[in-house]
1. So, in segment 186-222, of the ones that are among the polar types (S, T, N, Q) and open to solvent by less than 10 Å² (accessible area, probe 1.4 Å), which residue ends up farthest from Ile266 (Cα to Cα)?
2. For segment 195-204, indicate whether the set of residues that are assigned to a helix (DSSP H, G or I), at negative phi and modelled with pLDDT under 95 is non-empty.
3. Select from segment 1-20 the residues that are part of a loop (DSSP other than H, G, I, E, B) and of a type in the set (Gly, Ala, Ser) and write down the one among them that is modelled with the highest pLDDT.
4. Residue under question is Val94, and the condition is that it be open to solvent by less than 60 Å² (accessible area, probe 1.4 Å), at pLDDT 95 or above, more than 22 Å from Leu214 (Cβ to Cβ) and of a type in the set (A, V, I, L, M); does it hold?
5. Checking His280 against (1) open to solvent by less than 60 Å² (accessible area, probe 1.4 Å); (2) modelled with pLDDT under 95, which single condition isn't satisfied?
6. Using the structure shown, decide if Ser226 is under 17 Å from the mean Cα position of the chain (by Cα), open to solvent by 60 Å² or more (accessible area, probe 1.4 Å) and either over 17 Å from Thr124 (Cβ atoms) or at pLDDT below 95 (or both).
7. Among the residues of segment 103-124, how many are open to solvent by 10 Å² or more (accessible area, probe 1.4 Å) and at pLDDT below 95?
Amino acid sequence: MSRIHYDLCACDHVLKLGQTTRIMGVINCTPDSFSGDGKLEGHLPFARGLIRDGADILDIGGESTRPGASKVSLKEELARVIPVIKLLTRKFKVPISVDTSKLEVAKSALDEGAVIVNNIRGTTLNTDFLKMVRDYQAAIVIMHMRGVPSNMQAFAKYKNVVSDVIKELKISVEKCCAIGINKDRIIVDPGIGFAKTAQQNLILIEQLDRLNSLGCPILLGTSRKSFIGKILGNDAQGRLMGTAATVTAGVMRGAHIVRVHDVKQIKETLKVTDAILNAHT
């Protein structure tokens, strides 16, 4: 099968999607980050390494979204992410994404040069938030989640997980369009691990191509997540090969962007996966 091709517009950036898979490299500015980068003293060399290894986008986040995670204050989140974004946008040309659901954080990040807003609460979008994204002509990632990280697993009850996720994402896409955000600035994310059981995550990946009905590029975020650990019996640091398997399966089913921690290794995985996917062209 071949992927649908898109031109993703994000402020003054245009990313061509479909021929090759784009990598969103994760930079966590959180003290409890299981990737460990939140503890690094130098975000600049870390970001430089991600770009060198093949990241097409850098995603900066300052609030943990792991199951059961508690909220971070606006003041604390601003203090964690804005200095990092300010530094990176002045050093690198790759698009910078801010991983936040707070309007004030997103606006400050866009003021400092970010061009994508990655909103985990994509199914409960605030009108003022969307108007702000529209006015900046930024791109937005709409991720599916029910509840909030502290209680979301209690909402992992679906008649049909794929159909229900598509239905709820469709409402959000339509809301974005109604507010004036062009569809070439919208990315959808099924929200692997967010209000989903391990089995539901696997079903969503296996049927990811059904999200093409939304008419937007698909982002898949499976990196080091607990459902992989459940299968392998490994902790977060031992889930690279499991992540690679989910990335390959997702790309073969239409994912355009993958959000990962281990950029270098996943880049190699994607070179082979993309070669297989494009073998007929």
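The values are calculated or read from the model by the stated rules, or taken from the named source; none is laboratory data. This is a predicted model, so every value here is computed, not measured. When we count neighbours, we look across all protein chains shown, and the Cβ atoms used for this are built from the backbone with ideal geometry, even at glycine. Quick note on the areas: whole protein, heavy atoms, side chains included, nothing else; ligands and nucleic acids left out. Shrake-Rupley method; radii C 1.70, N 1.55, O 1.52, S 1.80 Å.
1. Here is the first cut: in segment 186-222, the ones among the polar types (S, T, N, Q) are 197, 199-201, 207, 212-213, 222.
Subset that is open to solvent by less than 10 Å² (accessible area, probe 1.4 Å): 201, 222.
On the way: Asn201: 20, Thr222: 12 Å.
Checking each candidate, the answer is Asn201.
2. Initially, segment 195-204 is screened for residues assigned to a helix (DSSP H, G or I), giving 198-204.
Going one step further and asking which of them are at negative phi, we end up with 198-204.
Applying the additional criterion that residues be modelled with pLDDT under 95 yields none.
Within segment 195-204, not a single residue is assigned to a helix (DSSP H, G or I), at negative phi and modelled with pLDDT under 95.
3. First, the residues of segment 1-20 that are part of a loop (DSSP other than H, G, I, E, B): 1-5, 11-12, 18-20.
Still in the list and also of a type in the set (Gly, Ala, Ser): 2, 18.
Details: Ser2: 79, Gly18: 97.
Step by step, filter segment 1-20, then rank; the result is Gly18.
4. Working: open to solvent by less than 60 Å² (accessible area, probe 1.4 Å): yes; at pLDDT 95 or above: yes; more than 22 Å from Leu214 (Cβ to Cβ): yes; of a type in the set (A, V, I, L, M): yes.
Against the criterion (open to solvent by less than 60 Å² (accessible area, probe 1.4 Å), at pLDDT 95 or above, more than 22 Å from Leu214 (Cβ to Cβ) and of a type in the set (A, V, I, L, M)), Val94 qualifies.
5. Going through the list (1) open to solvent by less than 60 Å² (accessible area, probe 1.4 Å); (2) modelled with pLDDT under 95, His280 breaks only (1).
6. Yes: the conditions hold for Ser226.
7. Step one: filter segment 103-124 for residues open to solvent by 10 Å² or more (accessible area, probe 1.4 Å), giving 103-104, 107-108, 110-113, 120-121, 123-124.
Those still in the list that are at pLDDT below 95 too: 120-121, 123-124.
The qualifying residues number 4.
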